[in-house]
Amino acid sequence: MTHYETVFILTPVLSDSQVEEAVKKFHDYITANEAEIVATENWGLKKLAYPIQNKRNGFYHLIEFKTDNTDLVSQLELVFKRDERVIRYLSVKLDKHGVEWAEKRRTKLKTANK
């Protein structure tokens, strides 16, 4: 299975329930297309490096998943484009070093949260 990582930024004008609804939509889309979600992270409201659509902040989310479906990333990006709540997104394919680094990062976060 191939590992992928997707980071997307949601508009800051959303309420907490609207943010959760949007994230759940993307989770459901990934799992409905025969992919396994490895990890998710909510990075919260952060300042953007530069204004996007006259907005200076955004809700950052990361989803790491693995799948055999090679078309899933392009389909997921089309869903991001069609959703007006998404300001920006980036999907990358992780090589073996990227997967190792992601596992280290996750274990480091787990130990820091205990």
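Is it possible to state the helix-based mean residue ellipticity at 222 nm for the chain, with each DSSP H run of 4+ residues giving -39500 (n - 2.57), the sum divided by total residues, to the nearest 500 deg cm²/dmol? What is it?
About -13500 deg cm²/dmol.
Based on the mean of other Cβ atoms within 10 Å per residue, sort peptides 102-109, 86-93 so the most packed one is first.
Packing order, densest peptide first, comes out as 86-93, 102-109.
In whole Å, what three semi-axes, largest first, describe the equivalent ellipsoid of the chain built from its Cα gyration tensor (square root of 5 times each eigenvalue)?
Gyration-tensor ellipsoid for the chain: 23, 18, 13 Å.
Report, in listed order, any pair from LYS66/LYS110; LYS55/LYS104; LYS47/LYS81 with a Cα-Cα distance greater than 23 Å.
LYS55/LYS104
DSSP loop GluC sites (Glu not before Pro) in the stretch 25-87 with at most 11 other Cβ atoms within 10 Å of their Cβ, which ones?
Answer by residue number: GLU34, GLU84.
For the chain, with all protein chains present and a 1.4 Å probe, just round the carbon and sulfur fraction of the accessible area to a whole percent.
Roughly 49 percent of what the probe reaches on the chain is carbon or sulfur.
Between ARG88 and GLU36, with labels modelled 7 Å along Cα→Cβ, what's the label distance in nm to one decimal, could you check?
So the label points at ARG88 and GLU36 sit 3.2 nm apart.
Only residues of the stretch 85-111 count here: report those whose backbone N is under 19 Å from the spot 7 Å along Cα→Cβ of SER15, or say none.
The answer is 85-86, whose backbone nitrogens lie closer than 19 Å to the label point.
The values are calculated or read from the model by the stated rules, or taken from the named source; none is laboratory data. These numbers were taken from a predicted model, which means no experiment stands behind them. With ideal geometry, Cβ positions are generated from the backbone for all residues, glycine too; neighbour counts draw on all protein chains shown. Just so you know, the surface numbers come from the protein's heavy atoms only, side chains and all, with ligands and any DNA or RNA stripped out. Shrake-Rupley method; radii C 1.70, N 1.55, O 1.52, S 1.80 Å.
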